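One structure is given below, encoded as structure tokens.
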């Protein structure tokens, strides 16, 4: 089973959008993929994961939650990626295991891992991807900034912008969609162009659709089984 078409919608249907809500002045987009058959498990097909990862790292450094990678409180260089543990603050400090392990990269191969981390974060709708300048160093993100987003409470734009974050990507329902929020002018259009280019290279059909058409899409051409 593989994807045969990638659909991009710049007016995300509320029925398919998970919190945090898109704040005023920001842009939101959702990506879906039509597959040749219904998969047994939810998640992102490898060909789609590769296309999305390549389209993002062409523009951004990606920093995502990656459980179990390290307990180091400082960024550790692993070649084409860095890892770090952000320890919980407040009363959470009493538990040295409380916090989030992060991976930061500009390598597509490493970026694809965000869809298949330990604990299946993407399919459980618990992944968070921070988008920062591709030429910048790994972000000095705080525990609170990550924790608020992981709990899907709200977007603290001031807090995110303080460490250079230009947007985020999170899973849609059941991990079957990817939703993106940008708060830098022109960022969504730039990503759409990058995504279209990667689809053309991979030979995958790319279509921009309306909110209504996205919501009515039949995502599987045929069902598995009788």
Projected area, mean over directions - the chain, Cα convex hull, nm² = 12.7
inquiry  = Helix 187-202 against the longest principal axis of the chain: what's the angle in degrees, Cα atoms only, rounded to the nearest 10?
reply    = 60
note = Everything considered on the Cα gyration tensor (a ≥ b ≥ c; rounded for a/c under 1.5, else prolate if a/b is larger than b/c, else oblate), region 112-208 must be described as oblate
inquiry  = For Cα pairs less than 8 Å apart in space and 6+ apart in sequence, what is the mean separation divided by the residue count of region 1-150, i.e. the relative contact order in percent?
reply    = 24
inquiry  = How far apart, in nanometres, would the label points at residue 205 and residue 11 be if each is projected 7 angstrom from Cα along the Cα-to-Cβ direction?
reply    = 2.2
query = How would you order 138-145, 56-63, 206-213, 109-116 from highest to lowest mean count of nearby Cβ atoms within 10 Å?
reply = 56-63, 109-116, 138-145, 206-213
request  = Pick out which of 20, 96, 45 has the largest mean-square fluctuation in a Gaussian network model of the chain, springs linking Cα atoms closer than 10 Å.
outcome  = 96
request  = Just order 147-156, 125-134, 73-82 by mean Cβ neighbour count inside 10 Å, highest at the front, would you?
outcome  = 125-134, 147-156, 73-82
query = In 10 Å bins starting at 0, how do the alpha-carbon pair distances of region 1-84 split up by percent?
reply = 12, 32, 35, 20, 1
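Read the figures in this text as sums done on the coordinates, not as results from a lab. Note that the structure is a prediction, hence the values are computed from the model and not measured. Heads up, the Cβs are rebuilt from the backbone with ideal geometry, glycines too, and the neighbour counts pull from every protein chain shown.
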